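The values are calculated or read from the model by the stated rules, or taken from the named source; none is laboratory data. Being a predicted model, the structure only gives us computed values, none of them experimental. Backbone-built Cβ (ideal geometry, glycine too); neighbour counts: all protein chains shown.
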Amino acid sequence: MPMQPTRRDLLARSAAVAAVAALPPLRATFGQTAPADEGPGATDLQRDLEQAIARHRVIGASAAVYHAGEIETASAGILNATTGVEVTPETVMHIGSITKTLNTTLVMQLVDEGLVDLDAPVLDYVPDFAVADPEATRAIEVGMLLNHTSGIDGEMIPDHGPDQEAILQAVERARDLGQLFAPGEDCSYCNTAMVVAGHVAERVLGDSWYNLIEDRIFGRIGLEHSVVQPQDALLHRASVGHFLDPATGTQQRTSKAFLPLSFAPAGSTAMMSAPDLLAFVATHLRGGEGLNGER
């Protein structure tokens, strides 16, 4: 059986996240771009970002670099082809599966607090958890959810409609999922397992995953341009995805702002600014201490 990751292992891996957020291509002019922060290398970062999005025909992007305890930023282009609003360092963009590091951090906090054991069966915390195989249901441990060794055949993210997209409902639907292999015997990327891990935190602490991420991570280390609840994106300078229409060669705005909400712990809803994302990474690099000095 693969060794379960230690807290240090999981936190160190989180620090490997790339802190550049970008949107798909568009022919855009960059005559008006948000100025980069002052500091060594800031001018080069702004120049490089502008050249990169022009070269790759990207609609807009925000970048951040953490060095010597400081975060430098650059931004260029626009965040929405319809409105023409410019990207700034405060623009929030989808972080996708980087959300899994937020989710893992939340669970590892509970491990540190003695509330969760990575080697314990999921059933110890979620008694009604089940997958299609009863033996696998009993064998799946919390740590397996985080390191993708649960064996659950649950990479896909089906959309069941807005009235069926609570995190709990995604966990309940896991009972219909088969196994790719016996728990702990191999590794396969699994979004459903991450959702179950987030629900473990919900059950242990008696609060919603959204509130837990906001209170125990965003609020604690001072991330003011980060959201996990979709409706909160309206309170920020939020980006919108675009795609290249092969028939017309023009950029089209996506018709869906978010993936199915029930998969929020796996990455379907979280949006962060590049500086906030990097501040989260820096917290791991600093042994759990945020740039605001809080833990």
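Within region 220-252, the residues that satisfy the criterion of being farther than 14 Å from ILE95 by Cα and either within 15 Å of the chain's Cα centre (by Cα) or modelled with pLDDT of 90 or more (or both) are ARG220, ILE221, GLY222, LEU223, GLU224, GLN231, ASP232, LEU234, LEU235, HIS236, ARG237.
Okay, residues lined up against (1) assigned by TED's automatic domain parsing to the domain that holds ALA61; (2) touching a residue at least 12 places away in the same chain (Cβ under 8 Å); (3) part of a loop (DSSP other than H, G, I, E, B):
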| position | (1), (2), (3) |
| --- | --- |
| SER255 | no, no, yes |
| PRO265 | no, yes, no |
| LEU278 | yes, yes, no |
| VAL281 | yes, yes, no |
| ARG295 | no, yes, yes |
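Counting only residues that are hydroxyl-bearing (Ser, Thr, Tyr) and within 29 Å of PHE280 (Cα to Cα), give me the helices (runs of 4 or more DSSP H) lying completely in region 119-221 with at least 1 of them. Step through it out loud before you land on a result.
On the way: elements: 134-139, 142-146, 167-173, 191-205, 209-213.
Ranges flagged: 191-205, 209-213.
Could you please let me know if THR105 is assigned to a helix (DSSP H, G or I) and either among the polar types (S, T, N, Q) or closer than 16 Å to GLY198 by Cβ (or both)? For THR105, the condition - assigned to a helix (DSSP H, G or I) and either among the polar types (S, T, N, Q) or closer than 16 Å to GLY198 by Cβ (or both) - is met.
From the list LEU146, LEU177, LEU205, exactly one residue is of a type outside the set (S, T, N, Q), farther than 21 Å from MET108 by Cβ and either within 19 Å of the chain's Cα centre (by Cα) or assigned by TED's automatic domain parsing to the domain that holds ASP119 (or both). Which is it? Show your work before the answer.
Working: LEU146 fails: farther than 21 Å from MET108 by Cβ; LEU205 fails: farther than 21 Å from MET108 by Cβ.
Among LEU146, LEU177, LEU205, only LEU177 is of a type outside the set (S, T, N, Q), farther than 21 Å from MET108 by Cβ and either within 19 Å of the chain's Cα centre (by Cα) or assigned by TED's automatic domain parsing to the domain that holds ASP119 (or both).
Results for (1) closer than 21 Å to ILE140 by Cα; (2) in the same structural domain as PRO183 (by TED's automatic domain parsing); (3) in contact (Cβ under 8 Å) with a residue 40 or more places away in the chain; (4) surrounded by fewer than 24 Cβ atoms within 10 Å (Cβ to Cβ), shown as yes or no for each residue.
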{"site": "ALA61", "(1), (2), (3), (4)": "no, no, yes, no"}
{"site": "TYR66", "(1), (2), (3), (4)": "no, no, yes, yes"}
{"site": "ILE78", "(1), (2), (3), (4)": "no, no, yes, no"}
{"site": "THR82", "(1), (2), (3), (4)": "no, no, yes, yes"}
{"site": "THR88", "(1), (2), (3), (4)": "no, no, yes, yes"}
{"site": "THR91", "(1), (2), (3), (4)": "no, no, yes, no"}
{"site": "ASN103", "(1), (2), (3), (4)": "yes, yes, yes, no"}
{"site": "GLN109", "(1), (2), (3), (4)": "yes, yes, yes, yes"}
{"site": "ASP117", "(1), (2), (3), (4)": "yes, yes, no, yes"}
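Listed residues LEU244, LEU234; which is part of a strand (DSSP E or B) and surrounded by fewer than 17 Cβ atoms within 10 Å (Cβ to Cβ)? Being part of a strand (DSSP E or B) and surrounded by fewer than 17 Cβ atoms within 10 Å (Cβ to Cβ) holds for just one of LEU244, LEU234, which is LEU244.
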